[in-house]
Amino acid sequence: MTDWKTLLHALEEEAAGDLYGCDFLLTWDKTESELRAVWRVAEALRSLYQRNISATCFRSGLAISNFRDQSTRTRFSFASAANLLGLAVQELDEAKSQIAHGETVRETANMISFLTEVIGIRDDIYLGAGHTYMCAVAAALDDGFANGVLPQRPAIVNLQCDIDHPTQSMADALWLQEHFGSLEALRGKKLAMTWAYSPSYGKPLSVPQGIIGLMTRLGMHVHLAHPAGYDLIPDVVARAERQAQASGGSFTHDHDMDGAFAEADIVYPKSWAPYAVMEQRTQLLRTGDQAGLKALEAACLEQNARHMDWTCNAARMERTRKGQALYMHCLPADISGVSCAAGEVDATVFERYRLATYKEASAKPFIIAAMILTSRFQDPATCLADLEQRGAPRTGN
Amino acid sequence: MTDWKTLLHALEEEAAGDLYGCDFLLTWDKTESELRAVWRVAEALRSLYQRNISATCFRSGLAISNFRDQSTRTRFSFASAANLLGLAVQELDEAKSQIAHGETVRETANMISFLTEVIGIRDDIYLGAGHTYMCAVAAALDDGFANGVLPQRPAIVNLQCDIDHPTQSMADALWLQEHFGSLEALRGKKLAMTWAYSPSYGKPLSVPQGIIGLMTRLGMHVHLAHPAGYDLIPDVVARAERQAQASGGSFTHDHDMDGAFAEADIVYPKSWAPYAVMEQRTQLLRTGDQAGLKALEAACLEQNARHMDWTCNAARMERTRKGQALYMHCLPADISGVSCAAGEVDATVFERYRLATYKEASAKPFIIAAMILTSRFQDPATCLADLEQRGAPRTGN
Amino acid sequence: MTDWKTLLHALEEEAAGDLYGCDFLLTWDKTESELRAVWRVAEALRSLYQRNISATCFRSGLAISNFRDQSTRTRFSFASAANLLGLAVQELDEAKSQIAHGETVRETANMISFLTEVIGIRDDIYLGAGHTYMCAVAAALDDGFANGVLPQRPAIVNLQCDIDHPTQSMADALWLQEHFGSLEALRGKKLAMTWAYSPSYGKPLSVPQGIIGLMTRLGMHVHLAHPAGYDLIPDVVARAERQAQASGGSFTHDHDMDGAFAEADIVYPKSWAPYAVMEQRTQLLRTGDQAGLKALEAACLEQNARHMDWTCNAARMERTRKGQALYMHCLPADISGVSCAAGEVDATVFERYRLATYKEASAKPFIIAAMILTSRFQDPATCLADLEQRGAPRTGN
């Protein structure tokens, strides 16, 4: 871990203040300096935590979570982040609310926000819907704040949408910085973001999109590989292309898993549903066409099964740089012989990197807390310096 | 906002101490002075909030919510209120508990209350049941506290019952005080509490009852209008009559929506189910008569449909005082062309007052917090003065 | 209540430090000194509570609850305990999580624990499963902590498993100490732990097992009585036997309810399912054999019905010491004529001891808090002394 003073100095050089009052919806909405500010704040919060120094900088305030899909990791990461800063989590469970009674997003967004500091939203099932929903909530909050309904404008943190999964990609990038020593050390490294076979279907695109949408900005050589027909949202791929050029890295996009793994420093093999299938599925879900959904699932699983060789096994790992590439996964992985007969990764490979993937995941609470803190405090460096000086023990009287 | 010192002086003149150790179940159980104390405390808490001064006056303690019906607004208002004061919300979800195993109300009330400061209850579906249930919980807590089972007597806050909805009516009244400048300014104002058409059925009576049960005490001219057959609980109507006389206002009760709107300063058009239908429904729900419930719903919707002209449109608004009456609603409203084809209010009228209804709603967290604070602190004025003097930032170290 | 200084001195003499960093899964894993330490800490926390002194010794941190079965009492006791110490409760609701997606216990245990101080688990439905599950979670946390994944090792508190119910038995023992004046006063007392008839089926064995597994260590004469065929887990019974001998008490095990009640100082009549039935049920639940489960339930209820005379009535209470034995129950009791036609206890007997059973239950939040505090603080006596000296009001600014 970087020395505390060095860390705060590094933070002071970044445009942390530009994050104040803003939502965190897509990493590519943020400047590199803003991203670095989030990482530095996350590191500082982790440093305080490890030294048993309390980071509570709210004495009251709600952190609302709105999960429109299942979640364990992100749910607990959000709860941990909110609690770390002194906020109380209140879940917006749409099944228990009157939203089904015909309430508009605009109204609900205001009704839950009178004393709220942050709203974390996961909405990743419908293509074209998740990010749109978050933007609608954001516009409603802007409206309420501008018109004196809300005494403060709560920040929205995207806990996974149809386009991006910024708490995942930012945590992954922080893990890479820790693993390789620094942000600079990532320049020139090769990262293979590849599709991998899974016996399940309908997995969101937001993880691979989030990874190529962020890592191409760090001067890395990003190689996206998937079977023909498993495309991501074209806009995001085009963006990755542009970003790689601008950052001095490169972006390769083909259908060759072995090529992606060749001399890779980092591999991220993970299943996802084809863009076109997700579009069809969204339509069928909207019309409630159960027969159509079943047929689509069967067709998609059959399609998947033609690519069972897209798996992360020991032989493929041997192709990576000195056979020692860092394996990454957002978890849970489909592990062959453990959680399924045949899946994304062989048990021997996963077990070798199991603790690494746990450490990768451990960055997420601090990343989320950093996103909250930077959006609610104009000067995070001073806030953190004050917390350290106060030195109130996190555990202890 | 009134000046802080003026506010505390005003509070000191009221009988705030009489609220100590008491539940808040029905507004008409409270004296006018007690009601004014609650409003002043709510204003003081809002003032602290707006000045970023922490109002946490509990270092630990549970605030239990028991929602026997869906809720968004009240759920988040209760959570916000509890959190504002330093309490942690714990939901009593009867589906997850052993209550279904034959546990008595008396026992459960004690079991959940060992370290509890407040219990908020919503129970508005069964006519004759909600208020009765709250009284049973109250008696159980009295018993437990008197016999040394409970180290403190948690306060009960009625979050809507079959008779009254005091957190709504008290928040509405605070909004009126803010809107018209003072409590005194409400004297002589005309408020039209009218039924309005909705394509849904079974809406509780507690909002209109709460409104006529409170506003008639403030010297207002309250006009209750609804189609024949849409009566409220007779006792509450009789009480409104008596209260209006005592307060120097008036109470009119007829079947004339236009007459109610004529020269009104405030209009509150809202759907509800007829008292007689709610009684039948309660019986059918109790016996689980699904066929009977379906038949009742059909009959009731047909009955509603005969009164589709009971709607708040631009023409009716023109009839109000200078065409400028304040439109109120507890939300969500059934807005014609927005949330339904034809409903309680035209979209143009609603949109004109949309932000006003949001501001109306924004008072509720502070009203609930004031109800909690007055029931748990013998001297709220001193508590508030101490909080202001402590001056701990709500957000910030 | 013992004097504060006496209490802390008593605590200082016990091996409280040996509880540090350890889980609380089974009372018989703990030494007598460790158990006494937990009781003294619970008493101290109650003393602080009663004197309105805040016991918050965490400024942030999660307390995760994982209820794999229904619960009211234990759920609120755990929430109260966590809140008393300053922790925020976050529920792990397996229905809302991705655990069903094939996630391993090892992985989930780490994923939820990055900023977690305690995990409370109830898992009492499957014989042979609950304790095993808790051990698996414990091993996963050990692994994560040892390998630097977790910055701290959260404590596990068993909130009821298939073998033991330590928060219940420890709270019961604390209630007995209070009732009879001291731990020493329990030596030589006779406790009748007996089966009692209930019209329900499948009640866990963990309460009677917990009671005989703990009370036999306190020098008591424990008499376990149940109808033939209603055996407990043999290992636990054998352990009770051994412990009674070692502690200078005695352990009797037969099929004679009257004999158990004879001259008893304490009676604990409670229904449970036979061990053999629970084993069959576990098999049937695992294979999802609904027909088999129905048949087993019918057979078991029929078997129960042959023992309707196993009930706690006035005549039986007369057989106890001076007719004045203390009646105990973990609640909710099946009360004849109240919660069922015929059940574990007559209404007249229960009503006589109703408040006593409530007081019995009131010890549980403090016991759980003591389990958390001793596992997370190496020197609980100093922690408590500091809290008392700090003297921050629990309620008040």
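For A:Ser200, the shell of other residues with beta-carbons less than 11 Å away shows a net charge of -2, using +1 for Lys and Arg and -1 for Asp and Glu.
The charge dipole of the range A:168-361, taken about its Cα centre with unit charges on the Cβ atoms of Lys, Arg (+1), Asp and Glu (-1) only, comes to about 320 debye. Across peptide A:60-66, the average count of Cβ atoms from other chains found within 10 Å of a residue's Cβ is 4. Over the range C:235-302, the ratio between the Cα radius of gyration and 2.2 N^0.38 Å evaluates to 1.55.
Roughly how crowded by other chains is peptide C:381-388, in terms of the mean Cβ count from those chains within 10 Å of each of its Cβ atoms? So the per-residue partner count for this stretch is 1.
Can you put A:Val157, A:Val89 in order of Cβ neighbours within 10 angstrom, beginning with the fewest? Write down the numbers at each step before the final one.
On the way: A:Val157 26, A:Val89 23.
Fewest-to-most ranking of A:Val157, A:Val89: A:Val89, A:Val157.
Is the shape of the range B:144-287 rounded, prolate or oblate, going by the alpha carbon gyration tensor and its root eigenvalues a ≥ b ≥ c, with a/c under 1.5 for rounded and a/b larger than b/c for prolate? Here the range B:144-287 falls in the oblate category.
Within the listed set A:Arg316, A:Arg73, A:Arg306, the residue fluctuating most in the Gaussian network model of chain A (springs between alpha-carbon atoms under 10 angstrom) is A:Arg306. Within 10 Å of the Cβ of each residue in C:336-349, the mean number of Cβ atoms contributed by other protein chains is 1. Size check on chain B: the Cα extents along the three principal axes, sorted descending, read 56, 53, 41 Å.
Anisotropy class assigned to the range A:144-220 is oblate, per the alpha carbon gyration tensor with a/c at or over the 1.5 cut-off and a/b no larger than b/c. Each residue, B:Ala15 and B:Asp379, gets one label point 7 Å from its Cα in the Cβ direction; the gap between the two is 2.0 nm.
Taking the label point 7 Å along Cα→Cβ, C:Arg51 and its counterparts in the other copies are spaced 3.4, 3.4 nm apart, in ascending order. Would you give the gap between the C-alpha center of the range C:124-142 and the C-alpha center of the range A:174-212, rounded to a whole Å? Computed from Cα coordinates, the inter-centre distance equals 34 Å. With the convex hull constructed from alpha-carbon coordinates only, the protein assembly as shown shows a mean projected area of 45.7 nm² over all directions. Here is how far apart the A:Asp69 label points are across copies: 3.5, 3.5 nm, shortest first, using a point 7 Å from Cα toward Cβ.
For the protein assembly as shown, give the magnitude of the charge dipole about the Cα centre (Cβ charges: +1 Lys/Arg, -1 Asp/Glu; no others), in debye to the nearest 20. Before the final figure, lay out each step's value.
Working: 111 positive and 144 negative charges, 243 e Å.
That gives the protein assembly as shown a dipole magnitude of about 1160 debye.
Chain C versus the axis that turns it onto chain A: the residue with the nearest Cβ and the distance in whole Å amount to C:Ala88, 4. Sorted from nearest, the other copies put their A:Leu293 label points 2.4, 2.5 nm away, the label point being 7 Å from Cα in the direction of Cβ. If you take the charge dipole of the range C:276-369 about its Cα centre, with +1 on Lys and Arg Cβ and -1 on Asp and Glu Cβ, which of C:Ala347, C:Ala295, C:Leu284 is farthest toward its positive end? Of C:Ala347, C:Ala295, C:Leu284, it is C:Ala347.
Estimated purely from DSSP H runs of n ≥ 4, each contributing -39500 (n - 2.57), the mean residue ellipticity at 222 nm for the protein assembly as shown is -14500 deg cm²/dmol once divided by its residues.
In this rough spin-label picture, where each label sits 7 Å from Cα along the Cβ direction, the C:Asp289-C:His179 distance is 4.1 nm.
How big is the dipole moment of the range C:13-142 about its Cα centre under a simple scheme where the beta carbon of each Lys and Arg is +1, that of each Asp and Glu is -1, and everything else is neutral? Debye, nearest 20, please.
That gives a dipole near 540 debye.
Pick out which of C:Asp23, C:Asp334, C:Asp69 has the largest mean-square fluctuation in a Gaussian network model of chain C, springs linking Cα atoms closer than 10 Å. Highest fluctuation among the options: C:Asp69. Other residues within the sphere of radius under 10 Å centred on the Cβ of B:Asp29, judged by their own Cβ, net out at -2 (K and R +1, D and E -1). With a 10 Å cut-off between alpha carbons and a GNM built on chain A, which of A:Lys294, A:Lys203, A:Lys364 moves the most? Looking only at A:Lys294, A:Lys203, A:Lys364, the largest GNM fluctuation is found for A:Lys294.
Please count, across chain B, the pairs of lysine residues with Cα atoms under 16 Å apart that sit 8 or more places apart or on different chains. Walk me through the intermediate numbers first.
Numbers: B:Lys189/B:Lys322; B:Lys190/B:Lys322; B:Lys203/B:Lys270; B:Lys203/B:Lys294.
Final tally of qualifying lysine pairs is 4.
A short reminder: the numbers here are calculations on the coordinates, not readings from a lab. Please read all numbers here as calculations on a predicted model, not as lab measurements. Here the Cβ is made from the backbone with ideal geometry for all residues, glycine too, and neighbour counts use every protein chain on show.
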